[in-house]
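Notes to accompany the following structure.
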Amino acid sequence: MNRKKALITGASRGIGKAIAKELAKAGYDLYVTCVSSEATLNEYAKELEKAYNISCSTLIGDISDPNVVDCFFDEIDDLDVLVNNAGISYIGLLTDMSNEEWNSIISTNLSSAFYCAKRAIPLMLQKKSGKIINISSVWGERGASMEVAYSTTKGGINSFTKALAKELAPSNIQVNAIACGLIDTDMNSHFSEEDMAKIINEIPADRIGKPEEVAHLALQLTDGNNYLTGQVIGLDGGWI
């Protein structure tokens with residue numbers, strides 16, 4: 001059976017892990033990446049293979065390095081869906097941020113999407129079809145105090161999405177982004193219970209979002225509707 005194939009970056013936890021499960025349930029063979037949680041990702045891949053009778057290959061390395069991405073894609077000869085999910089955050093004043101920290105977040109959150117798309121697109125062009133889904137944030141549109149670098153990368157992802165979608169639309173490859181609000185992941189573990197309660201009070205849906213809800217939307221973006229492209233879709237409970 002010739003299954004569709006998807007690559008999900010940053011799949012050992014949080015949103016990426018949930019997307020991997022959702023696509024596995026839908027019958028996709030998977031390539032999943034992480035930078036350091038090799039044992040965790042390998043175990044999860046085995047769980048997905050057993051539960052959904054699919055193939056799940058793990059790729060371990062830092063996708064902020066284009067040479068690592070090239071090595072990953074040397075293992076991939078067919079691809080239908082690319083999910084650029086891997087990301088890191090930095091909480092603090094811009095003036096306290098080192099050059100190395102700035103370059104790290106830019107490379108991990110933004111440049112990696114370029115590296116992966118550059119290698120994925122030729123595989124999709126061969127088929128004259130494909131989906132690229134970029135995981136963004138509401139802060140890419142509005143900006144967040146104490147998260148200038150993170151907001152910058154997500155704003156870049158939004159523009160990357162819109163521009164690349166126009167470039168690839170004639171080739172029947174769709175590019176969209178999901179701008180997440182407050183989602184229940186480790187990235188928000190720095191918030192105290194009091195801070196979290198204050199934020200939730202600002203969200204009309206009156207709750208934090210679930211990684212599974214992001215995953216469900218990602219699956220919807222892979223399924224048909226080839227006229228939907230270049231969109232940054234907010235998933236934030238009405239917050240922004």
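Kindly indicate whether Val35 is within 16 Å of the chain's Cα centre (by Cα), open to solvent by 30 Å² or more (accessible area, probe 1.4 Å) and at pLDDT 95 or above.
So Val35 fits the description; yes.
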**Request:** Please determine, by comparing only the residues of segment 13-32 that are farther than 19 Å from Asn134 by Cβ and without any contact (Cβ under 8 Å) to a residue 40 or more places away in the chain, which one is least open to solvent (accessible area, probe 1.4 Å).
**Result:** Ala24
**Asked** Taking helices (runs of 4 or more DSSP H) that do not extend beyond segment 42-138, which have at least 3 residues that are touching a Phe, Trp or Tyr at 6+ places or on another chain (Cβ under 6 Å) and among the basic types (Lys, Arg)?
**Response** none
**Asked** Is one or more of the residues making up segment 65-74 within 22 Å of Glu212 (Cβ to Cβ), open to solvent by 20 Å² or more (accessible area, probe 1.4 Å) and touching a strand residue (DSSP E or B) at 6+ places or on another chain (Cβ under 9 Å)?
**Response** no
**Message:** Against the conditions (1) within 16 Å of the chain's Cα centre (by Cα); (2) closer than 25 Å to Ile121 by Cα, where does Asn172 fall short? Just the number, please.
**Reply:** (1)
**Prompt:** Which residue, of Lys198, Lys154, Lys162, is open to solvent by 50 Å² or more (accessible area, probe 1.4 Å), over 24 Å from Asp29 (Cβ atoms) and at pLDDT 95 or above?
**Reply:** Lys162
**Request:** Kindly indicate which of Thr108, Thr40, Thr95 is of a type in the set (S, T, N, Q) and either closer than 22 Å to Ala165 by Cβ or crowded, with 16+ Cβ neighbours inside 10 Å (or both).
**Result:** Thr108
**Prompt:** Quick one: how many residues across segment 162-179 are over 20 Å from Gly234 (Cα atoms), among the small types (Gly, Ala, Ser) and either in contact (Cβ under 8 Å) with a residue 60 or more places away in the chain or part of a strand (DSSP E or B) (or both)?
**Reply:** 1
**Prompt:** Among all residue pairs at least 6 apart or on different chains, which show Cβ distances below 6 Å where the first residue, located in segment 41-52, is of a type in the set (Phe, Trp, Tyr) and the second is part of a helix (DSSP H, G or I)?
**Reply:** Tyr52/Ala24; Tyr52/Lys25
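The values are calculated or read from the model by the stated rules, or taken from the named source; none is laboratory data. Please read these numbers as outputs of a predicted model, since none were measured by experiment. Virtual Cβ from ideal backbone geometry, glycine too; neighbours counted across all protein chains shown. Each accessible area value is taken on the protein alone, full model and side chains, heavy atoms only, with ligands, DNA and RNA left out. Shrake-Rupley method; radii C 1.70, N 1.55, O 1.52, S 1.80 Å.
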